[in-house]
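*Asks:* Please see the structure below; I have some questions.
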Amino acid sequence: MSDNIYGGEYEGPKYEFSQSVIDLRRLPRFGYSKDITLLFSSNQEEQASYAAGLIALFVFLLVFFIFWTLTILVFKIMGPGNAGFLSGHHFVVPDPAEDVKNIGKRPFRVRLVFLISAGLLMTYSVLFVTMGLTNVDNTANTMTQSLKQTGKLIINAELIAKSLEEVGNNSVEIRDSAVEQLDNFCPQNPQIGDMTGVDVMAIANQAKADLTMLSNFIKDGLATLNEALTRARVFANNVDNTIAEVQFWGWQMKLLSAGLFVLPSFLVMGVGLVMLDLDLPNYQKFLSYFVMPCFVFVTIIVYIVCAAILPISATNADACTGGGRVHGGPDDTLLTIWRHLRGNDTGIVFQIAAYYTQRCNPKYYPYGFLSKYLNDLDEAITSTGTIAQAVQDNLGLLEAQCGRSFDEVVPVVKDMSDNLKILRDNADMTLDLIKCKNINDLYVNTMHDAACKYSVSALAWIFASALIIAVCGLIMIMLRSAYYPVENLELIDSWIKAPKSASGSNSSPTQPSTEFEENPTSPTHSNKTAPVTPQVDDNNQNEFDFEVDDKPSDEF
């Protein structure tokens, strides 16, 4: 069959699944379907099943981030008395402290986690741009290249259509003259073929029929070609305009990327200063009242983007995997969608789509009907050439037997034959233009590379980077007390407590008292307290007990 197929020896490349497609395909759908072709099914339950899986992904991730944000807000409302440093307040340690090393462990660990989170955030901010947005640009550039190639094909097709129109119009005029000459070829002797040895009348009738058929074919075929070219031109222009309008690296994305790198830098600098025991209150106010609010705003934007990108990434991966039971990549997705929409319709549109998307499989070759046209065209060229040669070879006999002049017949028939040859050349150029290699290269460049390689990789990197940035950002917000210096907790009188009288019961060491009890054994009955010394509990560096000194004190 390939002998009758233009470019029949060509076989399109097989789609290779990228690792990004495989990884995103594994995203959980919470029991719902992963088959994207179900969106085009007539079964509404199947449509709802796929859509519900995407919505579940978005809601799950967004609720997780919102819950974390609300938790941070609750800690803030609880204040340092209940939430400690998680409320955003200074670290508090006892003063004086006997175990300085242990008391400083918690602030150091928190600051270390803060710095690690900031480092990861800034690293993935760079990857967000270099790997995510760069692949987005690659997708746009690949699509632009495909559109340029499509534009060239359309221009060449329009040139062929214009040539066909000119040749067709000339052919109609010449056809009318040729048919007029051949319609009454030899009125006085219809059996002229017996005398010439050539069935001139049969050849003339065949040429007339061929010319009439071809005229109608040119008229109808040219209208169809022009309509198809107009649609292709409109579609290419719409795609080109869409790519031009979507600014993947516009000022909004530049501002967001800059914020993800600059704002954490200020915060890291603040933590570094306090770790060097440099207390700069004005800089800390700058961090608290400007940098941190901006950072919170940017983090919220990032996790909203992350939650939104997740279902989009899953949809892209599903489209590049295939529909139904056979996961044959985007090639299979397109045919499965067609079957959902049109059932078992295998008309010319299906054959064209299947031929170019299924690696130029000969069983889908859609231009078999053109073989008849080309054969008819060859027969018309042959018949017109034959009649012209027959008239030239028997001109004297024909004029004597037919009683008419043949001076106009030969030029008209020759002109028609030349036009038919031009039509044959245009038909060959058209078939060469739409041969499978040309269109399949466009399809592979657009679907395999742009949509299922660069696009999926871009979405995977954007999602992964945004997820890590959001998580690290929320950790830094929760541990924002890291850029504050440690506050020493000063002892106050209300924490000091006196020993109970001899007749009294044992006092609780955890309940301070400001009352002084009278000593009945003293002759003066004066109120005196024993001095107390705070002792740090080894089990908890933030708690401390009071021990009563045995030595009496003369002060109250």
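The values are calculated or read from the model by the stated rules, or taken from the named source; none is laboratory data. On a predicted model such as this, the values are computed, not experimentally measured, just so you know. Cβ: placed from backbone, ideal geometry, glycine included. Neighbour counts: every protein chain shown. The protein model used for the area step is the full one, side chains on, heavy atoms only, and it has no ligands, DNA or RNA in it. Shrake-Rupley method; radii C 1.70, N 1.55, O 1.52, S 1.80 Å.
*Asks:* Taking the full set of protein chains and a 1.4 angstrom probe, give the accessible area of ARG233 in square angstrom, rounded to the nearest 10.
*Replies:* Its heavy atoms expose roughly 70 Å² to the probe.
*Asks:* If you take the square roots of the eigenvalues of the alpha-carbon gyration tensor of region 318-471 and sort them as a ≥ b ≥ c, do you get rounded (a/c under 1.5), prolate (a/b over b/c) or oblate?
*Replies:* prolate
*Asks:* Could you tell me the calculated FRET efficiency between PHE290 and GLU158, based on Cβ-Cβ distance and R0 = 56 angstrom, to the nearest 0.05?
*Replies:* In this case the efficiency is close to 0.40.
*Asks:* If you don't mind, another one. Only Cα pairs under 8 Å and at least 6 apart count here; give the relative contact order of region 283-433 as a rounded whole percent.
*Replies:* Relative contact order here is 12 percent.
*Asks:* For region 294-364, rounded, prolate or oblate, judged on the Cα gyration tensor with a ≥ b ≥ c (square roots of eigenvalues), a/c < 1.5 rounded, else prolate if a/b > b/c?
*Replies:* prolate
*Asks:* GLU487's amide H: which non-local residues (gap 5+, or another chain) put their own amide H closer than 5 Å, with H modeled 1.01 Å from N in plane and none for Pro or chain starts?
*Replies:* Under 5 Å from the amide H of GLU487: PHE91, VAL92, VAL93.
*Asks:* May I ask for the net charge around VAL296, where only other residues with Cβ less than 12 Å from the Cβ of VAL296 are counted and Lys, Arg are +1 while Asp, Glu are -1?
*Replies:* +2
*Asks:* I would also like to ask the following. Starting from 0.36 nm per residue, how many nanometres of slack lie between LEU341 and GLU11 once their C-alpha separation is accounted for?
*Replies:* 116.0 nm
*Asks:* Further question on the same structure: Where does each of 252-265, 444-457 land if you order them by average Cβ count within 10 Å, highest first?
*Replies:* Ranking the peptides 252-265, 444-457 by packing returns 444-457, 252-265.
*Asks:* Averaged across orientations, what area in nm² does the convex hull of the alpha carbons in region 8-155 project?
*Replies:* The Cα convex hull of region 8-155, projected and averaged over all directions, gives 17.6 nm².
*Asks:* Which residues among region 330-349 fall inside the zone where the amide N is under 19 Å from a point 7 Å beyond the Cα of GLN44, along Cα→Cβ?
*Replies:* Backbone N within reach: 341.
*Asks:* Using only the Cα atoms of region 19-65, build the gyration tensor, take square roots of its eigenvalues as a ≥ b ≥ c, and label the shape rounded, prolate or oblate: rounded if a/c is under 1.5, else prolate if a/b is larger than b/c, else oblate.
*Replies:* oblate
*Asks:* Next question, about the same structure. Could you please report the charge total around ALA353, scoring K, R as +1 and D, E as -1 over all other residues with beta-carbon less than 15 angstrom from its beta-carbon?
*Replies:* Result for the neighbourhood of ALA353: +2.
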